[in-house]
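The values are calculated or read from the model by the stated rules, or taken from the named source; none is laboratory data. As the structure is a computational prediction, the values presented were derived from the model and not from experiment. FYI the Cβ positions are ideal-geometry reconstructions off the backbone, even for glycines, and counts take in every protein chain you see.
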Amino acid sequence: MILNESQILERLVDPDPERRIVITPLIRPEEQFGPSSVDLRLGTDFQVMRRSNLTHMDVVKTPVELEKDVRRSMHYVKVPPMEPFVLHPGEFALASTLEFVKIPLDLAARLEGRSTWGRLGLQIHATAGFVDPGFVGALTFELSNVSTVPLQLYPGVRISQICFFDAERTRLPYAEKRFSKYSGKTSTASSEFFRDPEYARIRKAREQSAFV
Amino acid sequence: MQKTLLKMLTYELIERVARFDHLLSGLTQECDSTSVALLGGMQERLNDIKKDILAEKKFLLRMFDEKSVKAKDFQTNLPGMLERAVYTPYEALSELSGWLPSLSALPSMSMEPEVSMLMNEVMPERLFRDMGQRSVVFQPEPMSTRPYVHGFESVLLEVVPYLQRRNPLGWLGVMETYSEKLTETESAFKSLRTKGKGLLAEDVFFLPLVKSSVTLRLLGPAYYYYAVADALLQRDVVFLEKIEPALFYGLNYFNFVDKSLVILHEAAEKSRELFDFSAGAHSGERLFQEAEVASVLKAVEKTIPESRAFTEKHFKRALALQERLNRGTLISASGLYPTDEIIEGLNQLLEPENTSEKVEKAGSRTVYDMLTLVGESPNTPREIINAGWIHKLERSPLWLYDSLSSEKNEPYAGFDRLAQRLSASDHLLLKSIETSEIHRVLLTTV
């Protein structure tokens with residue numbers, strides 16, 4: 001079941017911290033609330049893929065080397081509060097919500113775009129709009145401009161909305177998940193794919209299969 | 001209280017070492033070939049400093065045991081140990097920081113927008129104009145957190161060490177320049193200066209007292225925490241002997257009450273037993289009298305009205321943010337939810353037979369009424385920084401213990417863990433200051 005505005009409100013003020021939804025700062029709730037969602041705002045830090053001489057991310061490298069490669073291939077942009085970030089047509093950028101969000105263990109959530117911005121060609125995520133129970137931190141946007149004109153994006157602008165679903169209480173909260181990589185972050189985090197344990201296994205298998 | 005003083009001193013040193021280490025490690029990835037050798041040499045020297053501190057680890061860890069601190073051998077060896085474990089490494093670190101400007105990967109000057117947000121909050125526009133164009137810049141130079149000013153009459157640059165660039169708790173000295181300016185321009189202080197008797201008649205005591213009292217009025221207890229920590233590490237005799245007791249009186253005068261302030265004051269008092277104050281150039285038995293301090297504080301109140309001051313109300317807000325800082329939650333805003341009122345209204349709304357029209361007709365609260373109630377208000381940069389200092393004082397003994405408890409095979413791992421913690425804590429405070437600025441803009445009525 002998807003929560004309506006009153007149910008979201010009830011969870012925002014729930015005296016039990018385990019059941020409480022946290023969305024902070026909640027600046028103008030009367031403008032942010034919809035029938036079954038709360039609008040979230042754009043934060044100030046962005047990451048854009050940089051054109052470099054790096055041909056690919058070589059997973060055979062160690063996680064430390066791969067982390068350096070990821071850093072080298074990303075351009076970090078910090079936008080002052082009253083200045084826009086310009087997303088050009090066809091461009092992809094990582095960003096995050098201005099808000100710090102905490103999802104209780106018995107709710108899941110979905111982050112979606114707002115139609116106002118969708119009509120201008122802004123997509124706020126490529127594939128990862130689902131938010132696990134127990135998530136804590138700023139949510140990541142995978143921004144794309146699919147229109148033909150550049151978009152000026154000001155920090156604090158409502159570009160997305162979050163809706164909540166009832167779920168059975170999990171025993172595997174996102175923040176405590178053994179391999180969770182993005183919990184507790186308060187700003188934009190780039191991919192840490194190299195921390196996925198599969199790569200360690202692939203590296204080991206490649207080392208062991210020297211004779212092919 | 002000796003325990004608190006020792007922990008504080010050791011922690012302040014170890015924090016600076018961890019920050020320095022973090023800075024050098026970050027540069028390793030960006031360094032060009034010309035700086036590689038110098039950077040390597042600096043890292044080697046820093047490891048020697050860490051080694052020197054850890055050589056006293058056994059003794060330092062005794063700080064965490066009440067009985068050990070009271071033991072005679074501990075008391076006897078204390079001055080020598082402080083010299084070896086704190087002051088000699090600190091001097092070596094200061095010397096090492098002199099090499100930072102030679103690293104090409106480090107910008108010669110950088111600015112942080114969050115400093116401007118703090119300055120804009122504290123400085124009234126009129127005085128800001130009077131003082132000409134001012135900027136706070138971070139340069140890879142001195143180790144002390146106290147900034148220095150250079151420039152012309154109309155353009156002033158306040159220089160803060162690069163090491164404090166991302167640490168808002170280390171910026172508070174920038175406000176002292178502004179306070180100093182007020183001591184020269186404001187009539188209340190001019191008159192005190194001409195009529196003052198006793199210590200008030202001596203500029204060497206009068207000026208630091210007024211400067212510190214004005215800054216305390218503007219920044220609240222965060223300034224007291226900052227100034228005492230810095231003075232202990234710098235062995236600033238004048239401050240510890242004459243100004244600190246007056247500032248503590250000022251804390252009570254302005255109604256700032258918290259146990260952390262009392263603990264820190266007692267630690268500062270203990271320092272007077274440990275440090276050789278007779279060596280100070282301005283030593284003397286006489287302290288500021290209560291009436292003298294009160295006359296200065298009255299002049300401060302007159303110059304900085306309540307609307308511009310950091311007050312008891314702000315401090316209470318800062319204290320209330322501790323729980324959220326402990327959980328790593330953003331502290332840019334606070335809400336005062338009248339929960340019962342909302343729940344009662346919600347229960348009415350959630351009744352299936354109560355349609356919106358019925359609710360409105362009955363004069364009950366609508367959803368929009370209740371949504372307005374849950375809106376948060378932004379915390380100010382000063383409240384955020386005060387909350388950061390209280391959090392630091394509360395957590396630093398644990399962080400210190402952890403930093404000293406390194407494993408044999410990884411002797412410096414404790415410094416790395418502390419650097420990670422500091423980085424996360426700095427980021428949370430900066431993010432909170434920045435987000436609160438956006439919040440204020442979005443609350444503007446159009």
Condition test on residue A:48, is it part of a strand (DSSP E or B) and under 16 Å from the mean Cα position of the chain (by Cα)? yes
If a residue has to be more than 10 Å from every other protein chain (Cβ to nearest Cβ), under 19 Å from residue B:435 (Cα atoms) and free of Cβ contacts under 8 Å to residues at least 60 places away in the same chain to count, how many in segment B:290-342 make the cut? 2
Out of all the residues in segment B:9-25, is one or more exposed (fewer than 15 other Cβ atoms within 10 Å of the Cβ), at pLDDT below 95 and more than 27 Å from the chain's Cα centre (by Cα)? no
Given the criterion farther than 20 Å from residue B:429 by Cα and touching a residue at least 12 places away in the same chain (Cβ under 8 Å), identify the matching residue among B:172, B:209, B:219. B:209
Pairs where the first residue, in segment A:65-80, is surrounded by 14 or more Cβ atoms within 10 Å (Cβ to Cβ) and the second is part of a helix (DSSP H, G or I) and among the aromatic types (Phe, Trp, Tyr), C-beta under 7 Å, 6+ apart: A:66/A:194; A:67/A:194
For segment A:100-212, list the strands (runs of 3 or more DSSP E) that sit wholly inside it and hold at least 1 residues that are buried (at least 20 other Cβ atoms within 10 Å of the Cβ) and of a type in the set (Phe, Trp, Tyr); which are they? A:100-102, A:140-145, A:158-166
For segment B:3-37, enumerate the residues that are in a helix (DSSP H, G or I) and more than 20 Å from residue B:90 (Cα to Cα). B:26, B:27, B:28, B:33, B:34, B:35, B:36, B:37
Any residue in segment A:145-168 that is closer than 13 Å to residue A:122 by Cα sitting within a Cβ distance under 8 Å of a residue that is in a strand (DSSP E or B) and of a type in the set (Asp, Glu)? List the pairs, counting only those 6 or more apart or interchain. A:158/A:39; A:160/A:39; A:160/A:112
If you go through segment A:1-33 one residue at a time, how many are farther than 20 Å from residue B:438 by Cβ and either at the interface with another protein chain (Cβ under 7 Å from one of its Cβ atoms) or small (Gly, Ala, Ser) (or both)? 7
Test: residue A:57 is surrounded by fewer than 20 Cβ atoms within 10 Å (Cβ to Cβ), at the interface with chain B (Cβ under 10 Å from one of its Cβ atoms), more than 20 Å from the chain's Cα centre (by Cα) and in contact (Cβ under 8 Å) with a residue 60 or more places away in the chain: no
Hey, any hits in segment A:61-80 for a residue that's within 10 Å of another protein chain (Cβ to nearest Cβ), over 20 Å from residue A:185 (Cβ atoms) and assigned to a loop (DSSP other than H, G, I, E, B)? yes
First in segment A:185-208 and within 14 Å of another protein chain (Cβ to nearest Cβ), second anywhere and assigned to a helix (DSSP H, G or I) and surrounded by 12 or more Cβ atoms within 10 Å (Cβ to Cβ), Cβ under 8 Å, 6 or more apart: A:186/B:427; A:186/B:428; A:186/B:431; A:187/B:427; A:187/B:431
Can you list the helices (runs of 4 or more DSSP H) found entirely within segment B:356-446 that contain at least 1 residues being over 30 Å from residue B:308 (Cβ atoms), within 17 Å of the chain's Cα centre (by Cα) and away from chain A (no Cβ under 11 Å)? B:381-404, B:413-442
